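The values are calculated or read from the model by the stated rules, or taken from the named source; none is laboratory data. Computed from a prediction, not measured in an experiment: that's the story for all the values here. Please note: Cβ atoms are built from the backbone with ideal geometry, for glycine as well, and neighbour counts cover all protein chains shown. Accessible surface is based on the protein model in full, side chains and every heavy atom, while ligands, DNA and RNA are left aside. Shrake-Rupley method; radii C 1.70, N 1.55, O 1.52, S 1.80 Å.
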Amino acid sequence: MHIVVVGLNHKTAPVELREKLAFPSDTIEEPLRRVTSIPQVSEGLILSTCNRVEVLAVVRDVGEGIKEIRNFLSSHHRVPMSRLDASLYSYDSYDAIKHIFQVASSLDSMVIGEPQILGQLKEAYSLASKHKTSGVILHKFLHKAFLVGKKVRTETRIASAAVSISYAAIELAKKIFATLENKVVMLVGAGEMSELAARHLLNHGVRDILIANRTHSRAERLAKEFDGRPIVFEDLTLFLDQVDIVITSTGSSHYTIRYDDVRRALKIRKYKPLFFIDIAVPRDVEPRINDIENVYLYDVDDLRGVVDANIKEREEETKKAEKIIEREILQFERWLESLNAVPTIISLRERFEEIRKKEVEKTISSMNGGPKIDKEVLDALTSSIINKILHNPVTRLKGRENTRKESYYIDAIRDLFDLEE
Amino acid sequence: MSILFFKIVLVFYLAGTFAYLSYLIKQRPIISTVATAMLCSGFLFHTVSITLRYMEAGYTPITNLYEAPSFLAWAIIGIYLIMQFRYKITVFGSFISPIASILILVSSAFSKEIGPLPPVLKSFWLPIHVVLAFFGDAIFALAFCAGIMYLIQEHQIKSKKIGSFYYRLPSLKVLDDINHYCLTIGFPLLTLGMITGSIWARHAWGSFWSWDAKEIWSLLTWILYAALLHGRINIGWRGRRAAVFAIVGFFAVMFSFLGVNTMLSGLHTYDRY
């Protein structure tokens, strides 16, 4: 029994190719069945997201299995192998386990540490188990992967340092305000970027959004969309005492928010912190306001600096995550190795023999002084009982080799008779 | 016996401080667990040591330069541990444990002999006055640490030079809140400490106020914190300004606590070594 992964991701294939290979989740049953109908394959799972398509399978022979799965990907999507060849990677055994653990921990993601991948992996697993193409090995493997993903998330700060500008801005806001709940945001100028930032902030629970735009009708439209309040553009500085975060992105060629406006507002708001995010080029907010007590101003270049720092911070965390993964692989491999029919049968026999011998000894010693018992007869009797009992299970185990049920039985037997892993 | 326990305390606090400082660099959860365990054990031994000393001496052991810094360190660690279990700001320990260690080291530099208690100190006011004042001081020590952390974090954000402290320290809001809480608890304690002290002074020295060095320095400290409290409540002082005040205030606390007894002389100087 070997675990293999065949697939491609954002590093190896352009988006056009990834699109072609994608498996929509509503029609995944048929491809899942096709994978598991390959004679080499006993269990199968398909992970398909916008950044990766991977087939995860349990196979008997690594070389054959991988070859068949590659052929399946090519034939199912009608993409000639010559086009796929350079983009497809395949891992087996240790490397496959490591790869899936890395995927689950979001170390292999386009944005390292992004949280969605673990959910997507869970979804892929639940589809496979719904269509009964996963068995005991994938079951245990995926649960281990979920655990690893969670562990990496909680024990390292891999997810805490964001590498996109809008995330970096939100992290900064949190370092200033602790929480964004009950904070009020002002959007000045409506561009794609500032709308995106506003949406992020709303997701983090800000209480209210004030929107100012030179074209007032646009401010009204956005206010409706975000459930905020439109304010008159010319009056926006009058509202600075009511808001906590200001995002500016107008196309104006001169400063929209000036030093004196902010100073005045700060006095009225009793020096409560004010955070300006200026994503306009040329800038909307007079840079000097960063000197005012409890006022923080970040423009696009400043935010890029934060992103760079975040990426550097994350590299160190990645090393920590790799260590966690390494430890978990060892554990899982040990379990996987125990799942072979032959050693299981041997240790099952040993376990029975051990019990038999002990009971025979006990009987003989307890008969001291009683009717004499021939030990040979007793041995022959008990041995033949054991052989009779074990005959059926053992032939079943051998006969089911390389079906999904085999590992299921082995795992059950190991558990029921308490055989060492 | 209490001296032996004191030595154990010293070892635990130093080890705890070392662990907390390496946690600041390494950020491994296990290190913070070890650090907390060290500090907790140290605190338990410390409690025992002070209790034993109380029984050996027959008075509240806060009268000389061996007993007083040790008692202050005990109060600081006690309050900090409660705070850590409630608010889970482990990084705070990296700042507070060195202070406790320094106090304990100061303490260990002075004679541990139990001398006869000066007659003027034989009063039930001794524990009341001193414990109130010391707990106030301990809380100002926390405000001092929060202030330092605030200045570091604020500098990182303001100057846009994001370093590793940015990720390790709590948010400005949290640090400023701690400053505020500490002030609202520490200031009344300090005030009560001074009021009880002055009542006792009336009985012991015959006057409520005698311009003794410790009294003057305590008054200065009190004015500093009163100004901060007033600024916070009525003018809206916060953040950097409040942090700077808490830091300066704590230096004044430490001077009226240690400096007065070692450098100046006056009615409060019972201990001359």
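A 1.4 Å probe run over segment B:132-273, with the rest of the protein chains in place, finds 42 Å² accessible per residue. Each residue of segment A:117-125 was assigned a 3J(HN,Hα) from its phi angle through the Karplus expression (A = 6.51, B = -1.76, C = 1.60, θ = phi - 60°), giving 4, 5, x, 5, 5, 4, 4, 4, 5 Hz with x at Gly and Pro. Label positions at residue A:140 and residue A:381, each projected 7 Å from the Cα along the C-beta direction, are separated by 3.9 nm. Interface size, chains B and A: roughly 2300 Å² of accessible area buried, both sides included, 1.4 Å probe, rounded to the nearest 100.
Computed from the C-beta positions of residue B:11 and residue B:122 and an R0 of 45 Å, the FRET efficiency is 0.85 to the nearest 0.05. By the Kirkwood approach, averaging reciprocal distances over each pair of separate Cα atoms, segment A:4-115 gets a hydrodynamic radius of 14.1 Å. Taking amide H as placed 1.01 Å from N in the peptide plane, residue A:299 has its amide H under 5 Å from the amide H of A:278, each at least 5 places away in sequence or on another chain. Backbone phi angles across segment B:118-126, fed through the Karplus curve with coefficients 6.51, -1.76 and 1.60 (θ = phi - 60°), yield HN-Hα couplings of x, x, 5, 8, 6, 7, 5, 6, 3 Hz in residue order; Gly and Pro are listed as x. Legend: calculated FRET efficiency, residue A:238 to residue B:155, from the Cβ-Cβ distance at R0 = 45 Å, rounded to 0.05, equals 0.90. Peptides A:385-394, A:166-175 ranked from most to least packed give A:166-175, A:385-394, packing being the mean of other C-beta atoms within 10 angstrom over each peptide's residues. One decimal place: the segment residue A:334-residue A:268 gains 17.1 nm when fully extended, by the rule 0.36 nm per residue minus the C-alpha distance. Take each peptide in A:84-93, A:374-383, count the other Cβ atoms within 10 Å of every residue, and average; sorted highest first, the result is A:84-93, A:374-383. The mean count of C-beta atoms from other chains within 10 Å of the C-beta of residues in A:172-180, rounded to a whole number, is 5. Over chain B, all Cα pairs binned in 5 Å intervals from 0 give whole-percent P(r) values of 1, 6, 12, 16, 18, 16, 13, 9, 5, 2, 1, 0, listed from short to long.
The amide H of residue A:51, built 1.01 Å from its N in the peptide plane, has no neighbour under 5 Å, considering only residues 5 or more places off or on other chains.
In segment A:296-411, the ratio of gyration radius to Kirkwood radius, Rg to Rh, stands at 1.48 when only Cα atoms are counted.
Close Lys pairs in segment A:296-421, defined as Cα atoms under 29 Å apart and 8 or more places apart or on different chains, number 17. DSSP beta bridges confined to the protein assembly as shown are antiparallel in about 45 percent of cases. Solvent-accessible surface of chain A, taken per residue with a 1.4 Å probe and all protein chains present: 49 Å². Dividing the mean sequence gap of close Cα pairs (under 8 Å, 6+ apart) by how many residues segment B:1-119 holds gives a relative contact order of 32 percent.
For residue A:246, the residues whose amide H sits under 5 Å from its own are A:186, A:275, A:276, A:277, ignoring neighbours fewer than 5 places away on the same chain, with H placed 1.01 Å from N. Spatially, segment B:213-252 and segment A:17-70 are offset by 68 Å when compared through their Cα centroids. Helix A:300-337: angle to the longest alpha-carbon principal axis of chain A, degrees 0 to 90, nearest 10? With rounding to tens, the tilt is 10 degrees. Counting every pair of alpha carbons in the protein assembly as shown, the share spaced more than 51 Å apart comes to 39 percent. Per residue of B:228-235, other chain Cβ atoms within 10 Å of the residue Cβ number 1 on average. Net length available on complete extension from residue A:227 to residue A:77 is 49.6 nm, with 0.36 nm assigned per residue and the Cα-Cα distance removed.
Relative contact order for segment A:165-302: 22 percent, from Cα pairs under 8 Å spaced at least 6 residues apart, divided by residue count. Charge tally for residue B:28 (other residues, Cβ to Cβ under 15 Å; Lys, Arg +1; Asp, Glu -1): +4. Note on residue B:105/residue A:182: beta-carbon distance plugged into 1/(1 + (r/R0)^6) with R0 of 35 Å gives a FRET efficiency of 0.20.
The C-alpha radius of gyration of segment B:1-117, expressed as a fraction of 2.2 N^0.38 Å, stands at 1.07. Measuring nothing but how far apart in sequence close Cα pairs (under 8 Å, 6+ apart) lie, relative to its length, segment A:2-155 scores a relative contact order of 30 percent.
Per residue of B:162-173, other chain Cβ atoms within 10 Å of the residue Cβ number 5 on average. With each label modelled as a point 7 angstrom along the Cα→C-beta vector, the residue B:181-residue A:253 pair spans 5.3 nm. Restricting the calculation to Cα atoms, segment A:270-330 yields a radius of gyration followed by a Dmax of 18.6, 58 Å.
Of the three principal axes defined by the Cα atoms of segment A:165-302, the extents in descending order read 35, 31, 30 Å.
Note that segment A:141-152 has calculated 3J(HN,Hα) couplings of 4, 5, 5, 5, 5, 4, 4, 4, x, 5, 4, 4 Hz, one per residue in order, obtained from phi through the Karplus relation 6.51 cos²θ - 1.76 cosθ + 1.60 (θ = phi - 60°); glycine and proline are x. Modelled spin-label separation between residue A:86 and residue B:3, with each label point placed 7 Å from Cα along the Cα-to-Cβ direction: 8.2 nm.
Between the helical axis of A:93-104 and the longest alpha-carbon principal axis of chain A there is an angle of about 30 degrees. Computed from the mean reciprocal separation of all distinct C-alpha pairs, what Kirkwood hydrodynamic radius does segment B:118-273 have, in Å? With all distinct Cα pairs of segment B:118-273 included, I get 16.7 Å. Other residues with beta-carbon under 15 Å from the beta-carbon of residue B:246 carry, at +1 per Lys or Arg and -1 per Asp or Glu, a net charge of 0.
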